[in-house]
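The values are calculated or read from the model by the stated rules, or taken from the named source; none is laboratory data. Remember, predicted model here, so these are calculated numbers, not experimental data. When we count neighbours, we look across all protein chains shown, and the Cβ atoms used for this are built from the backbone with ideal geometry, even at glycine.
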Amino acid sequence: MTLSRALAGVGMLAASAIAAAGSVAAQDLKIGIMAVLSGPQAVLGGQLRDGFMLGVKHAGGKLGGLTTTISVQDDELKPDVAVGKAKQLIERDKVDFVVGPVFSNILLAISKPITEAQVFLISPNAGPSPLAGKGCSPYIFVTSYQNDQPPEVLGKYAQDKGFSKAFLLAPNYQAGKDMIGGFKKHFKGAIADEVYAPLGQLDFSAELAKIAAAKPDAVFVFMPGGMGVNLVKQFRQAGLESIPFLSVFTVDEATLPAQQDAAVGFFSGMTWAPNTDTPENKRFVADFEKEYGYVPGSYAMQAYDAAQLIDSAVKAVGGKLDNKDALRAAIKKADFKSPRGPFKFNNNGFPVQDFYLVKVAKRADGKFETQIVQKIFESYGDSHAKDCELK
Amino acid sequence: MPTSLVLVQLFNGLQFGVLLFLVAAGLTLVFGVMDFINLAHGVQYMLGAYLAVAFYRLTGSFFAAAALALPASLLFGLALEVVVLRHLYVRDHLSQVLATFGVILFLNEGVKIVWGAAPLNLALPELLSGSVPLMEGLRYPVYRFVIIGVGLSVAGGLYLFVNHTRIGMLVRAGASNTAMISALGVDIKRLFTIVFGFGAMLAGLAGVMVAPILSVEPGMGDQVLILAFVVIVIGGIGSIRGAFVAALLVGVIDTLGRSFMTDALRLVLPASPARMIGPALASMGIYLLMAAVLALRPAGLFPAKGRA
């Protein structure tokens, strides 16, 4: 695709400009970014790229003090395209790290060629269970969460709140079923109904009528991207807002510019929100909005942390990228301050961190963001880590 | 099963159906009259929605935005016809499919460059944002009745236009036998341009109408396009009446299937497999309908005269 080539080109140009400005280092740091930058989900890939680039900028353009070259690749949300580009990054560009992608199916596709080449793969968003348990790899580190965890936040909240009847709605594909499963893990109340809508459905009026007829205490929804935009607007227009709206990946900073007032007061589960009260986060959010002109979402924050993680690890080994074991030990320490607060790695390379209930609000400047409501889990690791043989 | 829920779902189906009709009407005319496969019809629907958002940002009024977006869609359709598509009429269907698919890729990326990849929002005007309680706990938005009303009036207007005006007569004649009316001295090129622009405007109208209830995003037309093709195949290519009946059929069958298929299966199956099979069967419903129609009446329910 022409645009992706152009984008990658811009990335290379920017990076080589940085490289030219720096002095000649003994060793350069080469990083490949893999994200979806075309199609309807491109806004998520854009957040990922921008978040990472801000992290590089905060490190003075040189991660770990090394001259840093960055190659940005568009995976087009197609596993075969992603594998081709991953091989290109490894063989042609000889990268030291691959950062990405946004979607779990892409991560599962590219993880094998990358880890087999003994290149570190930092996943700033996707955290599928196959890579958290038996299939864990010493070359994979995840700076987001394991996919089961965000819906668990809502299930725990619904349980603690004493909701006795919940209505569950998700798209009819694997991730939809996983999210519903995650919700049910801690929620022991009755399920009014469990509805799977076709992936990519435009109009939810039929499902909304069913929700109204079922009269649940709460709805739990997973509707990513444009589907979530549609659902939220229509939920509000149908006058159902008196029913608590619990969701994952349905109302976030990527969709809020389109949902706007319709989403205010709706709940989600995340490790962070733009108003998380840490000095690192204040700096991250302020600089991000100044640089890119929109409110960062978790996609951007986690990619920012991926840059901080690489920076800290490369610094710790004194720029010696060839000693993979030393580099891995340095990565594992997670010796950086995340905007979200406490962050450390579990034995499987997935994080142990706090999870919060977040709620959509309108800021004084008229923009929309999620905000922290309450902590649901503290130092929470995923349930697959025990199946991982790594120590 | 409460009757009020069935009634609400019928309304939902009707509303979905008239939207499909707005898109399919233009497609069936272009396909029927010009024998031209225009995959780019879906992006014209997308463009209608984007233009509505753009004009809303300029004027701050939904009605002004709608009023401006329609002629803009028409102009865009005409421009597309003159610049690209006109040169493809003499080519075979494969070239047309390839070229119009290229237009889809081009415009999907184009709107992303102009308006960004993030979905956009169009606020409903105060006047239309009310809702009426149709059943307990559910308020039916007035705007959805407006969609049904607009769709039905466009259908009525099209009926009068196609059956009782001179251009309409030529359109019908064109759908039956293009070579003949060309031989009779009708300026077929001009007729094509008019039909094409008009079809683009109808798709644009559908885009404008959905902008407040759906997210406006790149690629939003692609899915509608497939459904629109299903509609015109069921209805009979080139037939406005067929497109109307088929659009309502598809809308109602799809909506009722999504609403009640799982519940119906639960009567004969345990809950868990019913939940798995229900949505799958429901999304197959309209394609099963299409297959049945093709088997029994290969030219569609209401084929244009002379085509059957």
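Checking each residue in the stretch A:225-239 for being assigned to a helix (DSSP H, G or I) and at negative phi picks out A:Gly226, A:Met227, A:Gly228, A:Val229, A:Asn230, A:Leu231, A:Val232, A:Lys233, A:Gln234, A:Phe235, A:Arg236, A:Gln237.
Selection of the stretch B:268-308 for residues being in contact (Cβ under 8 Å) with a residue 12 or more places away in the chain, within 14 Å of chain A (Cβ to nearest Cβ) and aliphatic (A, V, I, L, M) yields B:Ala274, B:Ile277, B:Leu281, B:Ala282, B:Ile286.
Can you name the residue in the stretch B:140-162 that is within 11 Å of chain A (Cβ to nearest Cβ) and crowded, with 18+ Cβ neighbours inside 10 Å and, of all such residues, is nearest to the chain's Cα centre (by Cα)?
Among them, the one singled out is B:Ile147.
So A:Asp287 passes all but one of these: (1) within 24 Å of A:Ile70 (Cα to Cα); (2) of a type outside the set (Ser, Thr, Tyr); (3) surrounded by fewer than 18 Cβ atoms within 10 Å (Cβ to Cβ); (4) within 14 Å of chain B (Cβ to nearest Cβ). Which condition number does it fail? For A:Asp287, the failing item is (4). In summary, A:Leu108 fulfils each of the numbered conditions (1) within 20 Å of the chain's Cα centre (by Cα); (2) farther than 30 Å from A:Gln374 by Cα; (3) among the aliphatic types (A, V, I, L, M); (4) buried (at least 19 other Cβ atoms within 10 Å of the Cβ) with the single exception of condition (4). If you filter the stretch B:232-264 down to residues that are without any contact (Cβ under 8 Å) to a residue 60 or more places away in the chain and within 13 Å of chain A (Cβ to nearest Cβ), you find that the one that is surrounded by the fewest Cβ atoms within 10 Å (Cβ to Cβ) is B:Met261.
If you go through the stretch B:128-139 and keep only what is among the hydroxyl-bearing types (Ser, Thr, Tyr) and either in contact with a helix residue (DSSP H, G or I) (Cβ under 6 Å, 6 or more places away or on another chain) or facing chain A (nearest Cβ under 7 Å) (or both), you end up with just B:Ser131. Checking the stretch B:282-296 against the condition returns no match, with no residue being among the hydroxyl-bearing types (Ser, Thr, Tyr), crowded, with 17+ Cβ neighbours inside 10 Å, in contact with a helix residue (DSSP H, G or I) (Cβ under 8 Å, 6 or more places away or on another chain) and over 17 Å from A:Pro198 (Cα atoms).
Here is a yes/no grid of residues against (1) crowded, with 22+ Cβ neighbours inside 10 Å; (2) touching a Gly at 6+ places or on another chain (Cβ under 7 Å):
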site	(1), (2)
B:Gly13	yes, yes
B:Val23	yes, no
B:Asp35	no, no
B:Leu39	no, no
B:Gly42	yes, yes
B:Ala49	yes, yes
B:Ala54	no, no
B:Thr59	no, no
B:Phe63	no, no
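Residue count for the stretch A:245-284, restricted to those that are farther than 25 Å from A:Glu378 by Cβ, polar (S, T, N, Q) and surrounded by fewer than 22 Cβ atoms within 10 Å (Cβ to Cβ): 1. Note on the stretch A:325-391: enclosed strands (runs of 3 or more DSSP E) holding 3 or more residues that are closer than 26 Å to A:Gly293 by Cβ and either outside the structural domain of A:Ala59 (by TED's automatic domain parsing) or at pLDDT 95 or above (or both) are A:351-362, A:368-380.
Of all positions in the stretch B:100-110, at least one carries a residue that is among the polar types (S, T, N, Q), within 14 Å of another protein chain (Cβ to nearest Cβ) and either closer than 29 Å to B:Phe244 by Cα or buried (at least 21 other Cβ atoms within 10 Å of the Cβ) (or both). Would you confirm whether any residue within the stretch A:258-265 is in the same structural domain as A:Pro339 (by TED's automatic domain parsing), outside any helix (DSSP H, G or I) and more than 14 Å from the chain's Cα centre (by Cα)? Scanning the stretch A:258-265, I find no residue that is in the same structural domain as A:Pro339 (by TED's automatic domain parsing), outside any helix (DSSP H, G or I) and more than 14 Å from the chain's Cα centre (by Cα), so the answer is no.
Here the stretch A:233-255 is the region considered, the condition is being β-branched (Val, Ile, Thr) and within 9 Å of chain B (Cβ to nearest Cβ), and the residue that is farthest from B:Ser131 (Cα to Cα) is A:Thr255.
Inclusion of A:Lys188 among residues that are of a type in the set (D, E, K, R), in a loop (DSSP other than H, G, I, E, B), more than 10 Å from chain B (Cβ to nearest Cβ) and without any contact (Cβ under 8 Å) to a residue 60 or more places away in the chain is warranted.
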